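Trainee: Mind having a look at this structure? Questions to follow.
The values are calculated or read from the model by the stated rules, or taken from the named source; none is laboratory data. These figures come from a predicted structure and were not determined experimentally. Virtual Cβ from ideal backbone geometry, glycine too; neighbours counted across all protein chains shown.
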Amino acid sequence: MKIVRTTPELRLVLRDARRGLVPTMGAFHEGHLSLMRAARVECEQVVVSLFVNPTQFGAGEDLERYPRDEQLDVRLAQEEGVDVLFVPSAQVMYPKGFATWIDVEASGGEADARPGHFRGVATICVKLLNLVRPDVAFFGQKDAMQAAVLRRVIRDLNIPVHLRILPTVRDEDGLALSSRNVRLSREERERALSLPLALEGARSADDPVAAARAALNGLEPEYVELLRVGDATLLTAAARVGSTRLIDNVVVEGELG
Ligand code: AMP
């Protein structure tokens, strides 16, 4: 596996082959690894990007506290047969004078809860797509609204890439894996379980939003909403457990393409 930190280096290692891109912020868990595996199966050259993108964090969010472990990530990516791990610095991605943004019109859910978040996400993803020029880009259903926003961007800007959205990987007890889970205390982790349980229990209710809200034992949700992603309807929610913000979703109807 090649570890690449600059854009000229990246250009040099790209081969004329069916290429897959897995954008990440690192602190890899089985969710990230499942995307790498899917890319490995479908593509000849697998590029994983590891960049904690500062522009998608709002003021007062956890940019500084975001979990980082590059050494372990290098080892895990290597074990998955990743060809190129792209680890740019903030200076490489946002050089002095940076002034161009992808501003997606989105509302509800994460868009309202985190103003400016999707502008940062869309901008970094378009930059990564331009740099890597993958045939296929892999994203997790865990961040369903992110996938929906990126699908919009790709269509609106005619970016020639196929988007794959892969199922959320969960711990045995149902909690969706997230890099932020390491910050949950044992007691918080226990309380966090009511998020997946409430969503799962509400998915076939007549009013899934009301049912999920009623089942969120002791967790005050930031929102519980239905979200349309392609042909699927998802029940999505965000809740804070202590100082950690968790999101999750389940498919209520249809299938994610
Ligand atoms: P992140 O590093 O959190 O930005 O996530 C990188 C990619 O991994 C995104 O496409 C996420 O949706 C995806 N991802 C994060 N958690 C999971 C999970 N539990 N299962 C599947 N994919 C995930």
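Trainee: Go through (1) surrounded by fewer than 22 Cβ atoms within 10 Å (Cβ to Cβ); (2) in contact (Cβ under 8 Å) with a residue 60 or more places away in the chain one by one and return the number of the condition Asn158 breaks.
Mentor: Just one mismatch for Asn158, condition (2).
Trainee: Another question about this same structure. Restricting to region 145-180, count the residues that are touching a strand residue (DSSP E or B) at 6+ places or on another chain (Cβ under 9 Å), more than 13 Å from the ligand (Cβ to nearest atom) and under 18 Å from Gln56 (Cβ atoms).
Mentor: Result for region 145-180: 1.
Trainee: Sticking with this one: For region 1-58, which residues satisfy the criterion of being among the polar types (S, T, N, Q) and either assigned to a loop (DSSP other than H, G, I, E, B) or within 25 Å of Val182 (Cβ to Cβ) (or both)?
Mentor: Filtering region 1-58 for residues among the polar types (S, T, N, Q) gives 6-7, 24, 34, 45, 49, 53, 55-56.
Thr6, Thr24, Ser34, Ser49, Asn53, Thr55, Gln56, listed by residue number.
Trainee: Under the condition of being touching a strand residue (DSSP E or B) at 6+ places or on another chain (Cβ under 6 Å) and of a type in the set (S, T, N, Q), which residue from region 35-84 is nearest to the ligand (Cβ to nearest atom)?
Mentor: Filtering first and then ranking leaves Ser49.
Trainee: Further question: Go through region 235-257 and count every residue that is more than 17 Å from Leu197 (Cβ to Cβ) and touching a residue at least 40 places away in the same chain (Cβ under 8 Å).
Mentor: 6
Trainee: If we scan region 66-83, do we find a residue that is in a loop (DSSP other than H, G, I, E, B), small (Gly, Ala, Ser) and in contact with a Pro (Cβ under 7 Å, 6 or more places away or on another chain)?
Mentor: Within region 66-83, none of the residues are in a loop (DSSP other than H, G, I, E, B), small (Gly, Ala, Ser) and in contact with a Pro (Cβ under 7 Å, 6 or more places away or on another chain).
Trainee: If you don't mind, another one. Could you give every pair whose Cβ atoms fall below 9 Å, whose first residue belongs to region 20-37 and is under 14 Å from Ala147 (Cα atoms), and whose second residue is of a type in the set (Phe, Trp, Tyr) and surrounded by fewer than 24 Cβ atoms within 10 Å (Cβ to Cβ), counting only separations of at least 6 or pairs across chains?
Mentor: Sorted first by the residue in region 20-37, then by its partner, the pairs are Val22/Phe139; Pro23/Phe51; Pro23/Phe139; Thr24/Phe51; Leu35/Phe139.
Trainee: Could I ask something else about it? Taking the conditions exactly as written (acidic (Asp, Glu) and either within 13 Å of the ligand (Cβ to nearest atom) or modelled with pLDDT under 95 (or both)), does Asp112 satisfy them or not?
Mentor: It is false that Asp112 is acidic (Asp, Glu) and either within 13 Å of the ligand (Cβ to nearest atom) or modelled with pLDDT under 95 (or both).
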